[in-house]
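The values are calculated or read from the model by the stated rules, or taken from the named source; none is laboratory data. Just so it is clear, the model here is predicted, and its values are computed rather than measured. Here the Cβ positions follow ideal geometry from the backbone for every residue, glycine too, while neighbour counts run over all protein chains shown. Each accessible area value is taken on the protein alone, full model and side chains, heavy atoms only, with ligands, DNA and RNA left out. Shrake-Rupley method; radii C 1.70, N 1.55, O 1.52, S 1.80 Å.
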Amino acid sequence: MNIVASGARYRVIDDFLPPDELAEIRSVMQRRRFDEVASVIYPETDGRAFRSRGAVLRQDTGTPTAESREQDAQPAAFRTILGELGAHPDMFGAPGEDWSAVGFSFWRYPAGSRLGWHNDVATGRLGEFVFFLHEEWKASWAGELVILDADPDTVDVDTTGMSAMEAVEAKASQASHALTAIVPKPNRLVLVQEGTIHCINRVDPTAGTTLRQTMTGFVAGSAPEPGKRSMDRLTSLLGSDQAP
């Protein structure tokens, strides 16, 4: 793996998992049930997306464990992901001190779908990651993760009378900073700082039946208390939010 791009609020790591771990996590994704969900940004125009039920990766006394309904043996990829998140304390804080849990779901975006501008702000979140799991992707198929690599508070826009989503898009539209488009290359991991304004460009019709597939998760301060939630349900780390 190697960091191929970085900015003030993101990092891109290519060839993240070795072949055996990548195959294993793809197998985990294939066994999951996916439900169609409406966009919480622009449901009328964003198009369809499909999400698996969520799970939580936990850091207990420094030892990460994965919780899932199947109670499978923990994929090595989960440990690798937690280890990588812990290697970036300048973005997420120190594991075991500033955060102890990562909530995640698998996502599928078919041709014609997108996700409008948003910033995934929620209490307790420290940041997020997007890991691309499809086996093939061409740049002409679009579906890029587009990031405004600037502190949203520094973008001076009059948002009077705008909804929260309209205000976020206005900042992306009028910011003097260039937008960064990240192609969804297979086995690419993207780390994003909390509060970063971003969107998913619409997947082009030329993608055909190929789905934009990701594992997307949020780093948060603490794991849910044992027994409080089903092992295979989204916790408050994810809520009803749509993810990249």
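Summary table below
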{"read-out": "Residue within the stretch 105-125 that is at pLDDT 95 or above and among the aliphatic types (A, V, I, L, M) present", "value": "yes"}
{"read-out": "Set Trp137, Trp141: member being of a type outside the set (Gly, Ala, Ser) and touching a helix residue (DSSP H, G or I) at 6+ places or on another chain (Cβ under 6 Å)", "value": "Trp141"}
{"read-out": "Those residues of the stretch 81-96 which are outside any helix (DSSP H, G or I), open to solvent by 20 Å² or more (accessible area, probe 1.4 Å) and either at pLDDT 90 or above or in contact with a helix residue (DSSP H, G or I) (Cβ under 6 Å, 6 or more places away or on another chain) (or both), in sequence order", "value": "Ala87, Ala94, Pro95"}
{"read-out": "Complete set of residues in the stretch 9-50 that are open to solvent by less than 40 Å² (accessible area, probe 1.4 Å), of a type in the set (A, V, I, L, M, F, W, C) and assigned to a loop (DSSP other than H, G, I, E, B)", "value": "Phe16, Leu17, Ile41"}
{"read-out": "Which listed residue is at pLDDT 90 or above and either out of contact with any strand residue (DSSP E or B) (no Cβ under 7 Å at 6 or more places or on another chain) or hydrophobic (A, V, I, L, M, F, W, C) (or both), from Ala66, Ala8", "value": "Ala8"}
{"read-out": "Residue list for the stretch 176-205, filter: hydrophobic (A, V, I, L, M, F, W, C) and open to solvent by less than 20 Å² (accessible area, probe 1.4 Å)", "value": "Ile182, Leu189, Val190, Leu191, Val192, Ile197, Cys199, Ile200, Val203"}
{"read-out": "Enumeration of residues in the stretch 129-163 that are surrounded by 12 or more Cβ atoms within 10 Å (Cβ to Cβ) and assigned to a helix (DSSP H, G or I)", "value": "Ala139, Trp141, Pro152"}
{"read-out": "Of all residues making up the stretch 1-45, the number that are in contact (Cβ under 8 Å) with a residue 40 or more places away in the chain, of a type in the set (Val, Ile, Thr) and either in contact with a Cys (Cβ under 8 Å, 6 or more places away or on another chain) or closer than 27 Å to Met91 by Cα (or both)", "value": "5"}
{"read-out": "Which listed residue is within 17 Å of Tyr109 (Cα to Cα) and modelled with pLDDT of 90 or more, from Ala243, Ala142, Ala172, Ala167", "value": "Ala142"}
{"read-out": "Inter-residue pairs, beta-carbon under 8 Å, first modelled with pLDDT of 95 or more and in the stretch 208-221, second among the aromatic types (Phe, Trp, Tyr) and assigned to a loop (DSSP other than H, G, I, E, B), 6+ apart", "value": "Thr210/Trp137; Arg212/Trp137"}
